[in-house]
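Let me begin by presenting the structure, written as structure tokens, before commenting on it.
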Amino acid sequence: MFEVVAQGEGPLFMDPDADKAREFFRTKNRAMVSKVMTVSEAVGKFVHDGDYLAIGGFGANRIPTAVCHEIVRQRKKNLIFAGHTSTHDFQILAAGEVFNRCDIAYIIGLEARGLSPNARRYMESGKVECCEWTNYAMACRLKAAAMGVSFLPARNLMGTDTFKRSAAKIVKCPFTGEQYVLYPALWPDVSAIHVHEADIYGNARIKGISIADLELARASKRLIITTERLIPNEEIRSDPTATVIPYYLVDAVCEVPFGSYPGNMPYEYFSDEDHLRQWLTVEKDPEEFRKFLDKYIYKTRDFNQYLELCGGLERINQLRAVEHLIDLGGRG
Amino acid sequence: MGMADYNTMEMMICAAARNLEDGKAVAVGTGAPCAAAMLAQKAHAPNLVIIFEAGGVAPLLPTMPISVGDSRTFYKAVMASGMCEVMETIQRGMVDYCFLGGAQIDMYGNLNSTVIGDWDKPKVRFPGSGGANDFGSLAWRIMVITPQDARRFVERVDFITTPGYLDGPGARERAGLPAGTGPYKVITDMAVMGYDPETKRMRVESIHKGYTFEDVQAKTGFELLKAPEVVETPEPTEEELRLLREEVDPNRYIIGR
């Protein structure tokens, strides 16, 4: 047995038991069948009130925006959210007040763009039970789950209030006697990841940085993939090196072109900084923000309609030029 | 040299850049730290490895990134990896410097980016650690670029998000953090500070032209120590300013602030 030197006081929202997770994954369907459906169907079928939810990507980069909108539109509630590298995704979900418990690594902020006034109000309201972590701590928790073990050791967090408000433990290494922080495995009930290409079964390709999504895909009990493009299975099989998520992890495949908008999709389109600024500005006034949410989320049918409201293909083409460093010479 | 006109942000970026040695690795975020790393690479440290926590390794940054995970952070990079790869490279001991910020910093370099007030009932809630605690625990040397302000430089931070020297000499090692790591420099609009090797308390090492030690102390909420020799911070050179204005940040996203 390890000697436990110290223990965080924070709540552990999910059971890190590896055998229970194995029992779940034992029954997960391996059939290679089409999982293509709409985002509305996927969220209706796989996101349940009270679930632990995690979102892939990093902040406003390669995020499944359509799934975040749909969770809000379907008025899901009492979720537990993995506030891991979350910025615009957090902003959307906080706007819908869909979660009441949160593992916090990074929330509220949109990096250099500033803090979300509404998300701050929500987190300062006392409506959300919190546990503190760090970006690497959460990645370790997902990695442990992906490995099928109940914890992983690391050398960060120790000596801080972040540790005190976490649910981690500090132990002595049985080999060297050095202290290590142990992170409990995290198996989210449901996750959504946006990718560049996937086939109808869920075999998926990501270009560029993967952040913690390879771990997240393997840790999640249910996984919704939104993809810029559907590609034929033959194309997947012609270059298996490119597959980073195999189909048997995936429960739903939704084709959502420009699906990371207003976020950045590497090699496709850059973030829409004007629209993100609009969110931050309108949030200052709760009444205006309510109207804004009605217009852009509650009263839109789906993500395509939202894209139309934001300028449609014309806007996307401008953002494609920005991504590819193409100077449109004022014609954009 | 030294006669050029420059603003406070340019001064801070140049002072930060000079602390980055050639052949080392630095983990950066967006904004001034990224500008400092880019400037160092162009001015005196061509073999400086720049890495971003979301997975970008050694990019040829075409413009200033907006996010530490946007496309720019792995533009023409040697590798587009993931968070575990980057954090574990730092944990393995291969990253020499990191840059951090925060709402509060104390005399031991502890940083708060979580809450102002009680954690249970915060007056202000901030984003939390993000990757800050990871960088600050695992990189060899922590650097901070921040305005000199008594509300930021406080006797005690409300919440230790990221470890500095905690409560003094040996505290990091006692807590279990990797040996020999910790705060290194704090670069402000008035001075460059380091840490006293004995007490691990913040000390003034150089003061920017036009300011005195008393000016710096007046904008600090705790007693500052003095290095054995406190000098005037060298001003940005013409060449540094040219690189910064023409190549690093031609759109003045950072230096125009």
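The values are calculated or read from the model by the stated rules, or taken from the named source; none is laboratory data. Treat the numbers as computed from the prediction; the structure is a model and nothing was measured. Here Cβ is always computed from backbone atoms with ideal geometry, including for glycine, and neighbour counts include all displayed protein chains.
Structural remarks
- For region A:106-152, taking the residues that are more than 8 Å from chain B (Cβ to nearest Cβ) and among the aromatic types (Phe, Trp, Tyr), the one that is farthest from residue A:298 (Cα to Cα) is identified as A:151.
- Region B:75-99, subset within 7 Å of chain A (Cβ to nearest Cβ) and closer than 11 Å to residue A:211 by Cβ, residue surrounded by the most Cβ atoms within 10 Å (Cβ to Cβ): B:83
- Residues in region B:116-134 that are over 15 Å from the mean Cα position of the chain (by Cα) and aliphatic (A, V, I, L, M) were compared, and the one that is surrounded by the most Cβ atoms within 10 Å (Cβ to Cβ) is B:116.
- Some residue of region B:72-85 being assigned to a loop (DSSP other than H, G, I, E, B), within 27 Å of residue A:108 (Cα to Cα) and not hydroxyl-bearing (Ser, Thr, Tyr): no
- Failed item in (1) more than 22 Å from residue B:200 (Cα to Cα); (2) surrounded by 17 or more Cβ atoms within 10 Å (Cβ to Cβ); (3) not hydrophobic (A, V, I, L, M, F, W, C), with residue B:257 passing the rest: (2)
- Against the criterion of being over 19 Å from residue B:244 (Cα atoms), modelled with pLDDT of 95 or more and either touching a Leu at 6+ places or on another chain (Cβ under 8 Å) or within 11 Å of chain A (Cβ to nearest Cβ) (or both), residue B:24 qualifies.
- Residues of region B:117-131 satisfying the condition of being closer than 13 Å to residue A:161 by Cα and either touching a Pro at 6+ places or on another chain (Cβ under 7 Å) or among the hydrophobic types (A, V, I, L, M, F, W, C) (or both): B:119
- Selection of region B:191-211 for residues being aromatic (Phe, Trp, Tyr) and either closer than 13 Å to residue B:107 by Cα or touching a Lys or Arg at 6+ places or on another chain (Cβ under 7 Å) (or both) yields only B:195.
- Candidates in region A:89-105 are the residues that are in contact (Cβ under 8 Å) with a residue 40 or more places away in the chain and touching a His at 6+ places or on another chain (Cβ under 8 Å); of these, the one that is nearest to the other protein chains (Cβ to nearest Cβ) is A:103.
- For region B:119-138, the tally of residues that are out of contact with any Lys or Arg (no Cβ under 7 Å at 6 or more places or on another chain), basic (Lys, Arg) and either assigned to a loop (DSSP other than H, G, I, E, B) or at the interface with another protein chain (Cβ under 7 Å from one of its Cβ atoms) (or both) stands at 1.
- Of the candidates A:166, A:125, A:150, the single residue that is in contact with a Cys (Cβ under 7 Å, 6 or more places away or on another chain) and of a type in the set (S, T, N, Q) is A:166.
- Note on region A:192-218: residues that are in contact with a helix residue (DSSP H, G or I) (Cβ under 7 Å, 6 or more places away or on another chain), buried (at least 24 other Cβ atoms within 10 Å of the Cβ) and closer than 22 Å to residue A:85 by Cβ amount to 10.
- Which listed residue is touching a residue at least 40 places away in the same chain (Cβ under 8 Å) and more than 14 Å from chain B (Cβ to nearest Cβ), from A:190, A:171: A:190
- Residue match in region B:65-83 (condition: in contact with a Pro (Cβ under 6 Å, 6 or more places away or on another chain) and touching a residue at least 60 places away in the same chain (Cβ under 8 Å)): no
- Note on region A:16-58: residues that are surrounded by 13 or more Cβ atoms within 10 Å (Cβ to Cβ), among the charged types (D, E, K, R) and touching a strand residue (DSSP E or B) at 6+ places or on another chain (Cβ under 9 Å) amount to 4.
- Close pairs (6 angstrom Cβ cut-off, 6 or more residues apart or separate chains): surrounded by fewer than 17 Cβ atoms within 10 Å (Cβ to Cβ) in region B:11-24, not in a helix (DSSP H, G or I) anywhere: B:22/B:45; B:22/B:47; B:23/B:47
- Scan of region B:27-62 for residues that are of a type in the set (D, E, K, R) and either closer than 30 Å to residue A:215 by Cα or surrounded by 22 or more Cβ atoms within 10 Å (Cβ to Cβ) (or both), ordered by number: B:53
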